[in-house]
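Okay, structure first, notes after.
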Amino acid sequence: MGKARTRLRRLVDELARSHPHLEDPEARIRAGEILVDGIVRTSPDARVRPGAAIAVREQTVLRVERKLD
């Protein structure tokens, strides 16, 4: 008897399953905002194991307003 194989899934599919609230998951992956097991992945077709730790790294945008006299 051989080892049981784990079927890998595409990152974009696993992200859509685990974070259904995200709009355009493929764009978020390409932008480098997705971490898989703590590592940034930028390819939507990357293969991940089911149950992998997928986190969304939020881009913080700071706006500084200046008043011109």
Members of segment 42-55 that are over 10 Å from the mean Cα position of the chain (by Cα) and not aliphatic (A, V, I, L, M):
ASP45, ARG47, ARG49, PRO50, GLY51
Of all residues in segment 2-41, how many are touching a residue at least 24 places away in the same chain (Cβ under 8 Å), part of a strand (DSSP E or B) and more than 9 Å from the chain's Cα centre (by Cα)?
2
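Here's the yes/no breakdown for (1) surrounded by 11 or more Cβ atoms within 10 Å (Cβ to Cβ); (2) at pLDDT below 90:
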| site | (1), (2) |
| --- | --- |
| ALA4 | no, yes |
| GLU14 | yes, no |
| PRO25 | yes, no |
| ARG28 | yes, no |
| VAL40 | yes, no |
| ALA46 | yes, no |
| ARG57 | yes, yes |
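The values are calculated or read from the model by the stated rules, or taken from the named source; none is laboratory data. Bear in mind that the values here come from a model prediction, so they are computed numbers and not experimental data. Heads up, the Cβs are rebuilt from the backbone with ideal geometry, glycines too, and the neighbour counts pull from every protein chain shown.
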